1. Of all residues being under 17 Å from residue 274 (Cβ atoms) and more than 16 Å from the chain's Cα centre (by Cα) in segment 359-369, which is surrounded by the fewest Cβ atoms within 10 Å (Cβ to Cβ)? Just the residue, please.
2. With the structure loaded, tell me whether residue 345 is at pLDDT 95 or above and among the aliphatic types (A, V, I, L, M) or whether it fails that test.
3. Counting only residues that are aromatic (Phe, Trp, Tyr) and in a helix (DSSP H, G or I), which one in segment 15-54 is modelled with the lowest pLDDT?
4. May I ask you to list pairs of residues, at least six apart or on different chains, whose Cβ atoms are under 6 Å apart, with the first in segment 28-56 being under 17 Å from residue 238 (Cα atoms) and among the polar types (S, T, N, Q) and the second being in a helix (DSSP H, G or I) and more than 10 Å from ligand 1 (Cβ to nearest atom)?
5. Out of the residues in segment 25-45 that are among the β-branched types (Val, Ile, Thr) and near ligand 1 (Cβ under 10 Å from one of its atoms), which is surrounded by the most Cβ atoms within 10 Å (Cβ to Cβ)?
6. In this structure, is residue 402 closer than 26 Å to residue 275 by Cβ, outside any helix (DSSP H, G or I) and not polar (S, T, N, Q)?
7. From the list 331, 374, which one is surrounded by 18 or more Cβ atoms within 10 Å (Cβ to Cβ), polar (S, T, N, Q) and modelled with pLDDT of 80 or more?
8. Filter segment 60-93 for residues that are in a loop (DSSP other than H, G, I, E, B) and within 15 Å of ligand 1 (Cβ to nearest atom); which is farthest from the chain's Cα centre (by Cα)?
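The values are calculated or read from the model by the stated rules, or taken from the named source; none is laboratory data. This structure is a prediction, so every number in the text was calculated from the model and none was measured. Cβ atoms come from the backbone with ideal geometry, glycine included; neighbour counts cover every protein chain shown.
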Amino acid sequence: MIQEKGTISIHTENIFPIIKKFLYSDNEIFLRELVSNAVDATQKIKRLASLGEFNGTLGDLKVQVSVDKEAKTITISDMGIGMTAEEIKKYINQVAFSGATEFMEQFREAKDANEIIGKFGLGFYSAFMVADKVEINTLSYREGASAARWICDGSTSFEISEGDRTNRGTDIILHINPESEEFLEEYRLREILKKYGQFLPVPIQFGMRTERTPDGEDEEGKPKFIETEVPDIINNTSPIWTKAPSDLTDEDYLNFYRELYPFSEEPLFWIHLNVDYPFTLTGVLYFPKVKNELELQRNKIKLFSRQVFITDEVKDIVPEFLMLLHGVIDSPDIPLNVSRSFLQADGNVKKINNYITKKVADKLSELFKADRKSFEEKWKDVNLFVKYGMISDEKFYDKAKEFALLENVHQQYFTLPEYTDKVKAEQTDKSGKVIWLYSNDPARQHTYITQAEKRSYDVLTMNGPLDNHFIAQLEQKLENTALKRVDSDVLDKLIEKDVKIECVLSEEQSASVKTLFEQTIANGTMNVQVEGLSPDEMPVTVTMDEFMRRMKDMSKMGGGM
Ligand code: ADP
Ligand code: MG
């Protein structure tokens with residue numbers, strides 16, 4: 001029996017097309033929104049019970065999602081607070097009136113009032129992206145409330161009538177439109193539910209799984225099975241990032257990593273993020289093992305808002321150089337459903353970015369201080385992050401310069417200050433600059449390395465994918481220091497040393513060998529030196545000016561200036 005007919009009050013005449021087209025870029029979001037609402041309603045009843053405002057039995061609180069392929073409906077049912085007909089009019093009909101906001105206002109004092117997900121007042125209407133008719137069948141928790149039903153076909157008119165729910169809570173029934181029938185496929189729905197709801201705080205039940213359990217043998221002696229239907233809970237309601245770090249073991253962190261990225265290699269270490277002020281953010285970031293560039297995977301950080309998955313596009317929120325980390329970040333303070341440029345300009349997002357950078361730097365510094373040896377062992381895996389960070393982020397550079405390591409050709413590790421101390425006495429050029437020698441290909445530059453070492457100079461290995469940029473950054477940051485490739489014509493420019501380099505050739509012979517080489521190479525940028533360290537080693541070296549070489553390399557890479 002229809003009790004009332006009316007018109008939904010909206011400010012914009014054609015709000016539905018706007019919602020359908022522009023609010024959410026992705027149709028599948030409807031499920032996130034409706035399940036979030038069901039979770040919100042469930043959290044609210046729990047909240048009311050704990051405040052003593054609801055004295056009935058809570059029951060086995062969960063949210064159920066089911067599909068009826070024949071009727072072409074998807075139903076989302078909860079045992080939350082439900083709604084009276086009045087509340088439907090207030091919270092549903094008034095588009096953009098956020099009931100959640102009001103609820104927050106009322107229960108501001110309550111400790112975990114921020115467990116309420118919604119705050120935009122538009123989520124419900126995302127249902128019309130996939131449904132041409134939506135029904136609400138609900139019974140409020142309030143004593144003496146009567147069940148109510150609301151039906152809307154996506155136009156601006158609605159109907160409210162008596163409902164038939166006999167227990168507290170709400171069913172949202174979506175009559176799926178022909179273009180959206182993919183969502184009637186169980187696997188598709190399960191996939192979306194898992195994606196957005198994997199860590200929701202209330203159990204989400206979806207479909208029924210048939211389980212066959214052995215039950216003795218039949219008359220012919222064949223094993224007998226009984227089939228039972230087991231409801232499938234698709235989520236983990238208390239993921240580790242919601243817990244206190246002090247309650248967690250290494251195994252908990254590793255298990256969670258496996259839950260997020262099945263079949264991945266174990267991470268190196270992790271950072272538990274947990275901050276309340278000036279913004280709220282929790283999460284766990286993992287450093288994956290990265291052996292080479294090809295393994296670098298971006299977008300492995302999942303962004304959540306109160307345990308609802310939002311996106312794995314965390315650019316702008318996570319500093320660029322940490323985009324290679326894995327893990328989760330949960331923050332209700334990151335504006336959702338807004339454009340990228342807005343996000344970049346958002347004050348909280350900037351603060352979050354800085355906070356993450358600082359936490360990562362602190363963690364690395366802590367590992368370095370606690371156990372230098374194990375830090376050195378991890379260096380191969382983390383050096384890429386650290387160098388990327390040092391190149392791209394001033395603040396990170398300032399922290400990392402204390403723990404970033406340099407590796408020499410003998411696999412010895414030094415911090416930047418340690419290295420300067422090590423080489424400054426010997427490797428200074430005539431202008432007083434400290435020269436760091438490096439090799440980007442120790443195998444091919446072996447002879448040059450040997451020559452440098454004969455003079456007791458040290459040679460660094462700089463053959464990583466970012467090392468060219470890292471070298472440029474070091475030169476810019478380090479005072480009075482230059483980096484030169486070991487095969488550049490630098491060795492003889494360093495301050496005279498007492499190494500007696502004996503030449504097996506006479507001065508005359510040297511001169512003609514030099515001329516011969518120069519003519520053969522016929523390249524003005526190359527230097528030929530004849531010195532011959534000993535008869536069994538190379539008597540001639542060909543070197544190039546470091547600056548000329550860098551220019552050449554750059555033009556080879558197509559990055560001409
Ligand atoms: P928001 O969740 O941001 O408030 P929505 O459009 O998603 O906005 O929902 C509007 C309001 O409708 C909610 O705040 C809530 O008051 C009410 N509502 C929606 N779904 C339910 C539900 N399953 N149970 C109880 N109330 C609901
Ligand atoms: Mg909502």
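1. Residues of segment 359-369 under 17 Å from residue 274 (Cβ atoms): 359-363, 366.
Applying the additional criterion that residues be more than 16 Å from the chain's Cα centre (by Cα) yields 361-363, 366.
Values: 361: 21, 362: 12, 363: 16, 366: 14.
So the residue we want is 362.
2. Details: at pLDDT 95 or above: no; among the aliphatic types (A, V, I, L, M): yes.
In short, no.
3. Of all residues in segment 15-54, those aromatic (Phe, Trp, Tyr) come to 16, 22, 24, 30, 54.
Adding the requirement that they be in a helix (DSSP H, G or I) leaves 16, 22, 30.
Working: 16: 58, 22: 48, 30: 90.
Restricting to residues being aromatic (Phe, Trp, Tyr) and in a helix (DSSP H, G or I), the top hit is 22.
4. 43/115
5. Residues of segment 25-45 that are among the β-branched types (Val, Ile, Thr), as a first pass: 29, 35, 39, 42, 45.
Pick out the ones that are also near ligand 1 (Cβ under 10 Å from one of its atoms) and you get 35, 39, 42, 45.
Details: 35: 26, 39: 30, 42: 25, 45: 23.
If we take residues in segment 25-45 being among the β-branched types (Val, Ile, Thr) and near ligand 1 (Cβ under 10 Å from one of its atoms), then 39 is surrounded by the most Cβ atoms within 10 Å (Cβ to Cβ).
6. Numbers: closer than 26 Å to residue 275 by Cβ: yes; outside any helix (DSSP H, G or I): yes; not polar (S, T, N, Q): yes.
Yes, satisfied.
7. On the way: 374 fails: surrounded by 18 or more Cβ atoms within 10 Å (Cβ to Cβ).
After ruling out the rest, the residue left standing is 331.
8. At the first step, the residues of segment 60-93 found to be in a loop (DSSP other than H, G, I, E, B) are 60-62, 69-72, 79-84.
Subsequent filtering for residues that are within 15 Å of ligand 1 (Cβ to nearest atom) retains 61-62, 79-84.
Working: 61: 31, 62: 29, 79: 34, 80: 33, 81: 35, 82: 36, 83: 38, 84: 41 Å.
Restricting to residues being in a loop (DSSP other than H, G, I, E, B) and within 15 Å of ligand 1 (Cβ to nearest atom), the top hit is 84.
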